[in-house]
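All remarks here apply to the structure that follows.
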Amino acid sequence: MKHKILIVMMAVYGSGCATMNDSLTLGGGLGAATGAAATYVGYSAGGKAPAFETVLIGAGIGTAVGLVTSYFTHKKVEEDRSANKSDQFEMYFGDLPPSPFIVPQSAIKKGSR
């Protein structure tokens, strides 16, 4: 059971998010897995067998915390990106030197060649 939880958590944690929907999906999924795992481990450490309903409640609480956390984190990242936005060329990993073919749209003037 512990290996299954670990595999699920690694898969969810390894996925990226770029939109609000993706952030909420990732946060909710990771929160549910963490809440269920924490409830299961907590009861098991106490020497009791956790009931399915109890693990489900832990997953629900984890989901709620994960959704709220991912919502506010995504909003903060969006604010930081808009505050630090510049008209400089973007550099991508592996571009040494930066690729001359990646030009931001704001740097292209209409009518000039």
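First select every other residue whose beta carbon is under 12 angstrom from the beta carbon of His74; then total the charges, Lys and Arg +1, Asp and Glu -1. With Lys, Arg at +1 and Asp, Glu at -1, the net is -1. In this label model, Glu78 and Met20 are separated by 0.4 nm, measuring between points 7 Å along each Cα→Cβ vector. The residues Asp80, Asp22, when put in order of fewest to most other Cβ atoms within 10 Å, stand as Asp80, Asp22.
Bear in mind that the values in this text are calculations on the coordinates, not laboratory data. Keep in mind that what you see is a predicted model, and the values were worked out from it rather than measured. Here the Cβ is made from the backbone with ideal geometry for all residues, glycine too, and neighbour counts use every protein chain on show.
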